[in-house]
1. Normalised radius of gyration for segment 1-103, please: alpha carbon Rg relative to 2.2 N^0.38 Å, two decimal places.
2. Compute the FRET efficiency between Leu98 and Ser213 as 1/(1 + (r/R0)^6), taking r as their Cβ-Cβ distance and R0 = 45 Å, and round to the nearest 0.05.
3. Please list, in chain and number order, the residues 5+ apart from Phe219 or on another chain whose amide H is under 5 Å from its amide H, with Hs placed from the backbone.
4. Which whole-Hz couplings ³J(HN,Hα) result when phi for each residue of segment 140-152 is put into the Karplus expression 6.51 cos²θ - 1.76 cosθ + 1.60, θ = phi - 60°, listed in order with x for Gly and Pro?
5. Give me the angle, in degrees from 0 to 90, between the Cα long axis of helix 228-237 and the longest principal axis of the Cα atoms of the chain, rounded to the nearest 10.
6. In Å and whole numbers, how far do the C-alpha atoms of the chain stretch along each principal axis, longest first?
7. For segment 9-15, just list the computed ³J(HN,Hα) in residue order, Karplus coefficients 6.51, -1.76 and 1.60, θ = phi - 60°, integers in Hz, with x standing in for Gly and Pro.
8. With a cap of 16 neighbouring Cβ atoms within 10 Å, and only residues DSSP puts in a loop, list the GluC sites (Glu not before Pro) found in segment 178-243.
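The values are calculated or read from the model by the stated rules, or taken from the named source; none is laboratory data. These numbers were taken from a predicted model, which means no experiment stands behind them. Note: ideal-geometry Cβ built from the backbone for every residue, glycine included; neighbour counts use all protein chains shown. Heavy atoms of the whole protein, side chains included, go into the accessibility calculation; ligands, DNA and RNA do not. Shrake-Rupley method; radii C 1.70, N 1.55, O 1.52, S 1.80 Å.
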Amino acid sequence: MKLQVLGCSGGIGGETARTTAFLVDDDILVDCGTGVGDLELDALRKIDHIFITHSHLDHIASIPLLVDSVGEERGYPITVYATPETLRILRSHIFNWLIWPDFTSIPDRHRPFLRFQPLKVGESVHLGTRTITALPAHHTVPAVAYALDSGDAQLLYSGDTAYCPELIEAINALPALRHMIIETAFSDEQRGLAMASRHLCPSMLVAMLEELSVSPEVFISHLKPGQGGRIMAQIEAGQGRLQPKPLVQGQILEF
């Protein structure tokens, strides 16, 4: 499998700040932030599956526009996978005919442009030889992490999360984990804000990584614009075993 970083920033501003979205092979999106908008129309038409970690705008912003752009040109709906709670939020607050049309009933309910597929923690979706499994995460809204398994190796994406013992346990149960993408949204000076908003700061990240028994290559996502250098310096000062690196827009990870 191949994962391309379309966006990994905690905000917008400038040529390289796009919110979270990853293109897996050419038919899967994991989260659907503003980075999706950089894809050409031909690439957008190929997307069949969207896995959403949680309902916050920076992770779902491009779903309505994507479906509106290519829905009529496809012979079958785009499927959005998420927890039942996240899907309920999307139905109630986005695809409600007030913010955006309900594409699960356009052109009609028998031939929709969009369909929702509930996915509970611990459940897996098998797409050919590829498997994507929802894992626990701890955020201000219902949220999951995802483990992507090619059959040869695995990649873990945390989504937005605070310290989460259940996620640590799930990560340690991935025997072929090659890459790990984990968020660190705030500096240590903002530890209180990180705890209130259920994100990680460098000291919390280092403590979490020290509990891992696996040894993946670790990449940091969701760095706030203008604070990335400071956050990464604080992570490096923690001198953890795994030595994380910043994730970069356009980066490709293969596994």
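1. Compactness ratio reported: 1.01.
2. Values: r = 48 Å, r/R0 = 1.07.
Approximately 0.40, to the nearest 0.05.
3. The answer is Met180, Ile181, Ile182, Lys245.
4. 6, 10, x, 8, 9, 9, 10, 9, 9, 10, 7, x, 10
5. In the chain, helix 228-237 runs at an angle near 40 degrees to the longest axis.
6. Over the chain, Cα extents along the principal axes are 55, 37, 31 Å.
7. Along segment 9-15, the couplings run 8, x, x, 10, x, x, 6 Hz.
8. Working: sites: Glu183, Glu189, Glu210, Glu211, Glu217, Glu236; in loops: Glu211.
Answer in residue order: Glu211.
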